[in-house]
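Undergrad: My questions will all concern the structure given below.
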Amino acid sequence: MTQSLTLVALTNPKSPTNVGSVLRAAGCFGVDEVLYSGTRYDMAKKFQTDTKDMHNRIPLTHVEDFFSAPSAPLTRVCVDLIEGATALSDFVHPERALYIFGPEDGSLSQAVIDQADAVVYIPTIGCLNLAATVNIVLYDRAAKLNLVPGGDRLIQTSRDTNNKTNHGGR
């Protein structure tokens, strides 16, 4: 069995709030690295909202080209509202994946889409923001590949200091 590897790539993100939320999701779902392109985030990152300090555990790397950055062979999956894409509910996640997300205020370029192994969209009425999209895709991946074991032990170790409620019937 191949070891799971997950990279998330953000195309020219502009919002430090979204990048902070993506980093939190990356920590929750076992992402190995978050890549980003463009210059907008570098100008805004002083406003970082990574409340769990995931940037200290998960590399956040600026790259010029998502396809030349990963050293390991990965299936390249574009996630955007692209006609002809596969609905996330029907998508079979690869063990080793690079998920490429478009910017908050635009779409992935045709050149990027043409290099992808798969193109996926989340069936919604309207569009989601970047962080919400990343969270849904990573959850779907973790659930379908059974990457995060469930149960009370996981709940206990995942809580922060503000949520310690037990089920009423126990």
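Nothing in this text is a laboratory measurement; each read-out follows from the coordinates by a stated rule. Since this is a predicted model, take the numbers as computed values, not measurements. Cβ placement follows ideal geometry from the backbone for every residue including glycine, while neighbour counts extend to all protein chains displayed.
Undergrad: Quick one: what are the phi-derived ³J(HN,Hα) couplings along segment 99-114, Karplus 6.51/-1.76/1.60 with θ = phi - 60°, whole Hz, x for glycine and proline?
TA: Listing the rounded values in order: 9, 10, 10, x, x, 4, 10, x, 10, 5, 6, 4, 4, 5, 4, 5 Hz.
Undergrad: Could you pull out every residue, at least 5 positions away or on a different chain, whose amide H is within less than 5 Å of the one on PHE91? Hs are placed 1.01 Å off N in the peptide plane, and Pro or chain starts have none.
TA: none
Undergrad: Amide H of LEU35 versus every other amide H placed in the peptide plane: which residues, excluding those fewer than 5 positions away on the same chain, fall under 5 Å?
TA: Placed amide hydrogens put VAL8, ALA9, LEU10, THR61 under 5 Å from LEU35.
Undergrad: For the peptides 99-109, 124-134, 14-24, 144-154, what is the packing order when you average, over each peptide's residues, the other Cβ atoms within 10 Å and list the highest mean first? Don't skip to the answer; put the middle values down first.
TA: Numbers: 99-109: 18.5, 124-134: 16.1, 14-24: 22.0, 144-154: 10.8.
Highest to lowest by the protection proxy: 14-24, 99-109, 124-134, 144-154.
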